[in-house]
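Below you'll find the structure, written out as structure tokens, and then a few comments.
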Amino acid sequence: MSGNSSSRLSGFDRRAFMACAAGSALVPMTARAGALDAPAPVAQDPALHVEITLRVNGQDKRLSLDPRTTVLDALREHLKLTGSKKGCDHGQCGACTVLIGERRVVSCLTLALAAEGQEITTIEGLATGDQLHPMQQAFIDNDAFQCGYCTPGQIMSAVACVKEGHASSDADIREYMSGNICRCAAYPNIVAAMKQAAPEITKG
Ligand code: FES
Ligand code: FES
């Protein structure tokens, strides 16, 4: 540990010397040196991880997580369920949308701890065996994707949107799906897919 610190310090000394020699401001360098010497954030300590059980696609999953872990990172990094995509990681694109209970949520802004005890449904849990969910089938039938990156989030959001009763018109669909961005602009086909799937979902 002390050897590590001293090598960090000597790294700083070299950089500080070069900064002074070049006439650049020393204050930021000093601040960075202080940051290097600071102890690691406590939440990085594995001993402080929390044990939680997430119920994902009908199965209980026991995990030991940093308490700051989001549902998206728990799914992708810990459970290897990579269907939910990380687009912006800021709640702005909808690529990470999953269902918690009946509600659609952006999983990049939802703490895994907050989802404990609730049913999480991801795109991997939507089909029934080999039988695609009607919304998945409708996206295929209507060519409602190009690159496909936004598609898992679009489909999860679309399922919830229909169940919320917000798919009765094109305008409604556009309004209530506006949180799901498609950079390939497959929007007209997504609307068509939702109109195809809606009757089957609502009757079921
Ligand atoms: S990755 Fe979650 S909203 Fe963009
Ligand atoms: S299909 Fe490419 S971002 Fe939507």
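The values are calculated or read from the model by the stated rules, or taken from the named source; none is laboratory data. Every value quoted in this text rests on a predicted model; they were computed, and no experiment measured them. Note that each Cβ is placed from the backbone with ideal geometry, even for glycine, and that neighbours are counted across all protein chains shown. The area values use the complete protein model at the heavy-atom level, side chains included, leaving out ligands, DNA and RNA. Shrake-Rupley method; radii C 1.70, N 1.55, O 1.52, S 1.80 Å.
Identify the residue in region 185-202 that is without any contact (Cβ under 8 Å) to a residue 40 or more places away in the chain and more than 16 Å from residue 150 (Cα to Cα) and, among all such residues, is farthest from ligand 2 (Cβ to nearest atom). Give the derivation first.
Just the residues of region 185-202 that are without any contact (Cβ under 8 Å) to a residue 40 or more places away in the chain, to begin with: 185, 187-188, 191, 195, 198-199.
Cutting the leftovers down to more than 16 Å from residue 150 (Cα to Cα) gives us 195, 198-199.
Values: 195: 18, 198: 20, 199: 24 Å.
Taking the candidates together, the pick is 199.
Going through region 136-157 one residue at a time, which ones are over 17 Å from the mean Cα position of the chain (by Cα) and more than 12 Å from ligand 2 (Cβ to nearest atom)? Step through it out loud before you land on a result.
First, the residues of region 136-157 that are over 17 Å from the mean Cα position of the chain (by Cα): 136-147.
If the condition is that a residue be over 17 Å from the mean Cα position of the chain (by Cα) and more than 12 Å from ligand 2 (Cβ to nearest atom), then 136, 137, 138, 140, 141, 142 are the ones that fit.
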Could you list, in sequence order, all residues of region 169-180 that are open to solvent by 20 Å² or more (accessible area, probe 1.4 Å), in a loop (DSSP other than H, G, I, E, B) and touching a helix residue (DSSP H, G or I) at 6+ places or on another chain (Cβ under 8 Å)?
179
Could you please let me know if residue 43 is more than 28 Å from residue 197 (Cα to Cα) and at pLDDT below 95?
yes
Inter-residue pairs, beta-carbon under 7 Å, first within 12 Å of residue 148 (Cα to Cα) and in the same structural domain as residue 147 (by TED's automatic domain parsing) and in region 173-184, second within 16 Å of ligand 1 (Cβ to nearest atom) and assigned to a helix (DSSP H, G or I), 6+ apart
182/154
Counted residues in region 181-196 being open to solvent by less than 50 Å² (accessible area, probe 1.4 Å) and within 16 Å of ligand 1 (Cβ to nearest atom) come to 2
As an exercise: evaluate residue 198 against (1) more than 29 Å from residue 70 (Cα to Cα); (2) part of a strand (DSSP E or B) and give the number of the one condition it does not meet.
(2)
